[in-house]
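Undergrad: One structure is given below, represented as structure tokens, and several questions about it will come after.
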Amino acid sequence: MEALLGAAGARHHAVAAYAVAEGESDPIASVLRVLPGPDAAELALLAHARHAHAHGGRIFVVGSADGRFAELVALGRLELLV
């Protein structure tokens with residue numbers, strides 16, 4: 001994963017491109033912005049995963065070396081990209 005992020009240059013980011021007609025909601029991607037703090041991003045992602053699970057989500061793909069996401073195993077199938 002670090003090699004993939006390193007290819008992005010000094011700023012690590014993820015990029016996706018797909019077509020959505022103007023005015024349609026985005027069914028694929030969301031950005032969760034959180035205030036900086038200890039585990040702020042992880043906690044927001046875990047909260048969203050629990051929300052997705054409550055609405056039928058059972059497959060979680062995580063790109064992280066952070067052990068915080070191990071708790072998703074209890075919610076369904078977890079694929080970890082390191």
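The values are calculated or read from the model by the stated rules, or taken from the named source; none is laboratory data. Not measured: the values here are computed from a predicted model. Please note: Cβ atoms are built from the backbone with ideal geometry, for glycine as well, and neighbour counts cover all protein chains shown. Just so you know, the surface numbers come from the protein's heavy atoms only, side chains and all, with ligands and any DNA or RNA stripped out. Shrake-Rupley method; radii C 1.70, N 1.55, O 1.52, S 1.80 Å.
Undergrad: What are the residues in the range 49-70 that are open to solvent by 90 Å² or more (accessible area, probe 1.4 Å) and assigned to a helix (DSSP H, G or I), if any?
TA: The answer is R50, H51.
Undergrad: Taking the condition touching a helix residue (DSSP H, G or I) at 6+ places or on another chain (Cβ under 9 Å) and modelled with pLDDT of 90 or more, does R33 pass?
TA: Here the answer is no, as R33 does not meet what is asked.
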